[in-house]
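Presented below is the structure to which this report refers.
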Amino acid sequence: MLGGGGLVAANVYATASESGQTQAGQVLASGAATIDCPDVGSQLTAVPDEAKAEVDKELALLDKQIAEAYQRLQQSTQAIQQDGAFAENSIMNPLKEKRAATIERIAIAVDRVGDRPQGLEPFAACILRASGNQGEQGGDGQNGDQGGEDQQQDGDNQDNQGQDGQNQGEGQDNGQGQGDEQGDQQGGNGGQGGNGPVAADFVDIKSVQPNVQSARKQGNASRGTFSTACGVNANGLFNSDNVIVAPGVTNGAHHFHDYVGNQDNNAFASDQDLANGDTSCENKGDKSSYFWPVIRLQNGAEEQDAGSPGGGIEGNAGEIVTPKQVTMTFVGNPQSKVTEMPKLLRIITGDAKAFVNGNANANASWSCTGFEDRQLKDKYPLCPQGSDVVRTFKFQSCWDGNNIDSANHRTHVAFADANGVCGNGFKAIPQLVQRIVYDIDAPSLNDGGRTTPLFAVDSFPEQLHKPVTDHGDFINVFDEDLMGEMVDCINGGRKCDAADGAGDGDGGGAGEEPGNSPSPTPENPPGGNNGDDDPADNGNGNGNGGENTPSPTPTATAPSGGNNQDEEPADNGAENTEKPSTDSTQAPDPADGEDKGNGEAVPKTDSSPSAVQSDEAAATGGDDDLGGAVPGPEPSSASVLEPQATSGGLADTGTQLWPAAAGALLLLAGFVLLRRINSRQT
C-alpha cells in the first residue's frame with residue numbers, strides 16, 4: 001500500500017509514455033524529480049524478537065538503496081536528456097530488483113521463527129514523481145507546488161492559509177517565478193545540496209491564521225508539569241545513526257542528528273550503554289536520549305560531514321545551526337492521571353519520510369516566537385525581524401502497558417483522541433513536549449537565498465528537505481525515582497523542575513501550584529486570547545514545551561495582546577505570568593536550559609543576571625547560583641527597591657534610640673523642678 005503522498009503523486013512515466021520526451025523528460029532532465037517507494041517498515045507491525053536484528057538491518061538497506069538511486073538520478077541529467085528511457089532502465093528497474101531481494105530476505109527471516117509476512121512483494125516497485133521543485137524551467141510554472149499536491153490534505157494547519165502552493169500570502173510573491181534564477185544557482189532543484197529547499201517551502205508566518213486547538217481539562221486531569229534541562233548540544237554531539245530504527249547500522253538515518261541528554265547514543269549503543277552513559281542534563285538522574293535532525297543554513301559552509309554519508313554526499317549541506325534554546329517539559333493528560341513511563345521506552349514522533357508517505361504520521365510544527373498560536377506542518381516559517389524560528393515536537397502520550405518498542409516503532413504508543421482519551425486500553429503517560437528555538441534570519445527568497453541563505457532540516461535525500469518530514473526521537477532513561485517524582489508532580493498539579501534535585505538523582509523538587517508563578521517570566525502567549533486549558537495540546541500550542549512566547553513588542557516584561565482564558569495557566573509547563581508589579585521583590589526564574597531568555601522575540605531588555613538576587617541569595621549575602629543560565633527579563637527598578645521601614649533603616653534606628661530620649665526628658669524635667677524649689681526658698 002502506498003502512502004498518501006504516493007497515491008496522489010503523478011508518475012512521471014505515465015506522462016512520458018503519452019508524449020515522449022516532453023514535460024516528463026524536462027522534469028527529469030531538470031533534476032526536479034524524486035523517488036517514491038512504499039515504506040515497508042511501517043507495514044511490519046509484528047516481528048519476532050529473534051528476527052528483529054536481521055529485519056532492522058534489511059530495512060536500513062532498503063533506505064540505502066533508495067538514497068543511492070536518488071543520487072544516481074541527480075547525477076544522470078545528461079544521460080536522461082539524451083535517452084528518455086534511461087531513468088527507467090538504468091535506475092528504477094535495478095532499484096526494484098534490489099528491493100525485491102531485500103524484501104524476500106525480510107520475509108525469510110521472519111518465517112524462520114514465526115509466520116511469514118504476507119503481501120510485501122508489491123512494495124518492491126517504486127515510481128518517479130515530480131518533486132514540485134522545478135519552478136518555471138519545468139514548463140508548468142509550479143515552482144514548488146508541493147503544497148497544492150500531496151500536502152493539501154493537511155487541512156488542520158493549512159485550511160486558513162490560502163496557500164495551496166501558490167504565492168503563499170504576504171512576503172511570498174517575490175519567491176514565485178524565480179525558478180530560472182534559482183536553477184542557475186542550485187541546479188534547478190534548490191538548496192546547497194541540490195535537493196531542496198526552494199522558495200515555495202517557506203511562508204510568512206504573519207499570513208497564517210491562528211490554528212492551535214487543544215482538549216479541555218476535565219475534573220480528574222493531571223495538571224502539573226515537569227521540566228528537565230539538558231542543554232542545546234553546544235558540545236556538538238552529532239551522528240547520522242538512529243539506534244531506534246536502525247540499531248547496529250552506521251548512517252541508518254542518512255541525515256545528521258542533534259543529541260542532548262545521553263552522550264553515548266550511536267547506532268551500536270546497547271540498553272546497558274545508555275544506562276551507564278553520561279548525560280548533559282542538569283539532573284544526572286535523567287540519562288534519557290533526546291535527538292532530532294539538525295537545521296542547516298544553505299550558505300556554502302563545509303561542516304565536518306561535508307564529504308561523508310549522511311552529510312554532503314546525500315545532499316545535507318551547509319552550516320549546522322546550534323539551537324538558541326531547548327526546553328523539554330512533560331505534561332499531564334486532560335482526562336486522567338498519568339502512570340510512569342517504563343525504563344527504555346522508545347518514542348518517535350513525526351515521519352522522516354512524510355513527503356512521499358503522506359501525512360498519516362506527520363507531526364511537524366514550525367512557528368516563530370511571538371506567533372506560536374500559528375503552527376505550520378508543511379512550510380518553513382519566515383519570521384519577522386526580532387522573532388526566532390521555533391520547532392515543536394509533542395510526543396505520543398498513550399502507552400500499551402507492555403512494550404517499550406514495536407516492530408514499526410509506532411504501535412506500542414499512540415496519541416490521545418481529540419478529548420484527551422487514550423483508546424484501546426492504553427495508559428496515559430507523561431507527554432514530552434519539546435521546544436527548540438533558533439536564531440535564524442528570514443531567507444531572501446527573491447534571489448534564491450543569495451543575500452540571506454535558505455535554511456532546512458536534514459532529511460533522507462529523496463525527501464528533499466521538506467519541512468513536513470521533521471521528527472523527533474526519545475528514549476526514556478530516567479532514574480526510576482526521578483520518574484516517580486515526575487508522575488507525582490504532574491498528578492499533584494504542581495510545577496516542578498528536575499534541576500531542583502540536580503546531581504542527586506532524585507529530582508522533582510517541590511513545585512508551585514498551577515497558575516501561581518513564583519517569579520516574573522517572559523513566557524507569555526503571543527497576541528490574542530487562547531481560551532484553552534493547555535496551549536501546547538495537539539503539538540501546536542503557544543509556547544509548547546513549557547514556554548509561551550511573547551510577541552515582539554518594546555516591553556519584554558509584559559505579556560502581549562490580550563489574556564489567555566486558561567483555567568490552569570501552568571498546564572503544559574507554560575505559566576501565563578502577569579507582568580511584575582512595581583512592589584515585587586521576587587527574582588526572575590533561572591533558565592530551564594542553556595540560553596533561556598534569549599530565545600524570545602526582540603526587542604529584548606538589556607538586563608544583567610546579577611542585578612536582582614533571589615530571596616535565598618539575599619539572605620546569604622551571595623549571588624544567585626544560576627548554573628550558567630541566563631535569567632529572563634528583570635523587573636523594573638521600582639520592583640527591586642526595598643521599603644526603608646523593613647530594611648534596617650530609620651525604623652531600626654528609632655527602636656534603638658527611644659530609651660535614651662525618654663531618659664533625657666526625665667532628667668530635664670527634674671532639673672526644672674529643682675530650680676523652682678530653690679527659687680521659692682530664696
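The values are calculated or read from the model by the stated rules, or taken from the named source; none is laboratory data. What you see is a predicted model, and the numbers here were worked out from it, not measured in a lab. A quick note on method: Cβ atoms are made from the backbone with ideal geometry, for glycine too, and the neighbour counts reach across all protein chains shown. Note: areas computed on protein heavy atoms with side chains; ligands, DNA, RNA excluded. Shrake-Rupley method; radii C 1.70, N 1.55, O 1.52, S 1.80 Å.
Numbers for the structure displayed
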{"quantity": "Tabulated pairs, region 188-207, first in contact (Cβ under 8 Å) with a residue 40 or more places away in the chain and under 22 Å from SER367 (Cα atoms), second of a type in the set (Phe, Trp, Tyr) and in a loop (DSSP other than H, G, I, E, B), C-beta under 8 angstrom, 6+ apart or interchain", "calculated": "ILE205/PHE371; LYS206/PHE371"}
{"quantity": "3 or more residues more than 28 Å from ASP405 (Cβ to Cβ), at pLDDT below 95 and open to solvent by less than 10 Å² (accessible area, probe 1.4 Å): qualifying strands (runs of 3 or more DSSP E) within region 209-313", "calculated": "none"}
{"quantity": "THR327, sole failed condition from (1) in contact with a Ser or Thr (Cβ under 9 Å, 6 or more places away or on another chain); (2) open to solvent by 10 Å² or more (accessible area, probe 1.4 Å); (3) among the hydroxyl-bearing types (Ser, Thr, Tyr)", "calculated": "(2)"}
{"quantity": "Residue in region 61-80 that is in a loop (DSSP other than H, G, I, E, B), among the hydroxyl-bearing types (Ser, Thr, Tyr) and at pLDDT 85 or above present", "calculated": "yes"}
{"quantity": "VAL389 being open to solvent by less than 10 Å² (accessible area, probe 1.4 Å) and among the β-branched types (Val, Ile, Thr)", "calculated": "yes"}
{"quantity": "Count of residues meeting criterion [part of a loop (DSSP other than H, G, I, E, B), surrounded by fewer than 17 Cβ atoms within 10 Å (Cβ to Cβ) and at pLDDT 65 or above] in region 8-55", "calculated": "3"}
{"quantity": "Candidate set: region 336-365, residues that are in contact with a Lys or Arg (Cβ under 8 Å, 6 or more places away or on another chain) and not β-branched (Val, Ile, Thr); chosen: the one most open to solvent (accessible area, probe 1.4 Å)", "calculated": "ASN361"}
{"quantity": "Odd one out for SER308 among (1) of a type in the set (Ser, Thr, Tyr); (2) under 26 Å from GLY224 (Cα atoms); (3) out of contact with any Leu (no Cβ under 8 Å at 6 or more places or on another chain)", "calculated": "(2)"}
{"quantity": "Enumeration of residues in region 186-204 that are at pLDDT below 85 and either open to solvent by less than 10 Å² (accessible area, probe 1.4 Å) or under 13 Å from THR77 (Cβ atoms) (or both)", "calculated": "GLY187, GLY188, ASN189, GLY190, GLY191"}
